[in-house]
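Down below is the structure, laid out as structure tokens.
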Amino acid sequence: MGKATAPVKMFHLRSPQALQMLEKSLRNSLPESLKVYGTVFHMNQGNPFKLKALVDKWPDFNTVVVRPQEQEMTDDLDHYTNSYQIYSKDLKNCQEVLDTSDVINWKQHLQIQSSQSSMDEVIQSLAAAKLVKVKKTQCILYMMPQTAKKLVPFLVDIENLCPKSYRPKAINQEMFKLSSLDVTHAALVDTFWHFGGNERSQKFIKRCIWTFPSTCVLGPEGTPASWNLMDQTGEIRMAGTVPKYRAQGLSSYALYVQIQALDKLGFPSYNHTDKANKIVQKMSQNLGNVPMPCDWNQWNCVPL
């Protein structure tokens, strides 16, 4: 008879030194580690989202999971907050660790994000065992040119990379004004966010506006015409343009300004695009964003 396996305890990295070592190690596994690398990078910039990083062992870890502290995850239906970023060098180890530890609270509505498509098999198998329904979203993952040159030079075609002098066309400054988002704009941002449209997503957007740099272009009415915002993983997300101001280059302009600002801060910048969204793909190409060989993946999990 096989021995019963004792529950695995994942190791919580608390010290700044350990988190910096983790960031460095994840950097060596880019682009597959991008979602976790971006999150740990911002944990090392003051950890504004109060996240914790857990590893199966240290320092030679196989699997790393980043998640909020327990006291942050009080709403069982809030999958925006109940959010896990996972990277693993060994998927068999990852499945064992996630199956036998209590790192993921499968009784809650939650989401798991990873830049590893191979994680799908692990999550589907765990979800079946834990009686959880999964909805997977897979998108194209882009890294911004300056970030790609710094972090994944081996993926960058320097010859064809967008010239430094590239700038989107200037906005009409009599009509539009460059600004940043205010929490009062959260409802508007939420209306146009593909993953939003409810009270919890609006609360999450407010938190991101409070916490992270954002860019918006105010229209003549004094309200945002186009915008983009960063989340706790360092990804530029929740971008949108109100219909009457579309096709005027405002999105490209706002994104360009945001990328320049993040670059000045030394922050890595990346984003994702729906595979069907040819307009944003074209814009990404024009901005010189570098498509990654791995995907952006999100699994929304709901207990049955």
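The values are calculated or read from the model by the stated rules, or taken from the named source; none is laboratory data. No experiment lies behind these values; they were computed from the predicted model shown. Positions of Cβ are generated from backbone atoms using ideal geometry, with glycine treated the same way; all protein chains shown enter the neighbour counts. Surface areas here come from the heavy atoms of the whole protein model, side chains and all, with no ligands, DNA or RNA. Shrake-Rupley method; radii C 1.70, N 1.55, O 1.52, S 1.80 Å.
Would you please name the residue that is least open to solvent (accessible area, probe 1.4 Å), looking only at residues in region 210-251 that are more than 28 Å from H42 (Cβ to Cβ) and in a helix (DSSP H, G or I)?
Y245
Which condition breaks for A254 when tested against (1) open to solvent by less than 30 Å² (accessible area, probe 1.4 Å); (2) within 30 Å of L77 (Cβ to Cβ); (3) assigned to a helix (DSSP H, G or I); (4) out of contact with any Asp or Glu (no Cβ under 9 Å at 6 or more places or on another chain)?
Of (1) open to solvent by less than 30 Å² (accessible area, probe 1.4 Å); (2) within 30 Å of L77 (Cβ to Cβ); (3) assigned to a helix (DSSP H, G or I); (4) out of contact with any Asp or Glu (no Cβ under 9 Å at 6 or more places or on another chain), only one is false for A254: (2).
For region 257-297, what are the residues that are in a loop (DSSP other than H, G, I, E, B), open to solvent by less than 20 Å² (accessible area, probe 1.4 Å) and more than 12 Å from T147 (Cα to Cα)?
The answer is L287, and nothing else.
Just the residues that are among the basic types (K, R) and either assigned to a helix (DSSP H, G or I) or open to solvent by 40 Å² or more (accessible area, probe 1.4 Å) (or both), please, taken from region 41-57.
The answer is K50, K57.
Between residues in region 231-243 that are under 23 Å from P48 (Cβ atoms) and residues that are part of a loop (DSSP other than H, G, I, E, B) and not hydrophobic (A, V, I, L, M, F, W, C), which pairs lie under 8 Å by C-beta distance while being six or more apart or on different chains?
Qualifying pairs under 8 Å: Q232/P48; G234/P268; G234/S269; I236/S269; R237/D231; M238/G196; M238/D231.
List pairs: first residue in region 169-190 and under 11 Å from L218 (Cα atoms), second residue open to solvent by 70 Å² or more (accessible area, probe 1.4 Å) anywhere in the structure, Cβ distance under 7 angstrom, at least six positions apart or on different chains.
M175/P220
Suppose we keep only residues that are open to solvent by 40 Å² or more (accessible area, probe 1.4 Å) and modelled with pLDDT of 95 or more within region 100-116. Which one would you say is nearest to P68 (Cα to Cα)?
Here the residue is N105.
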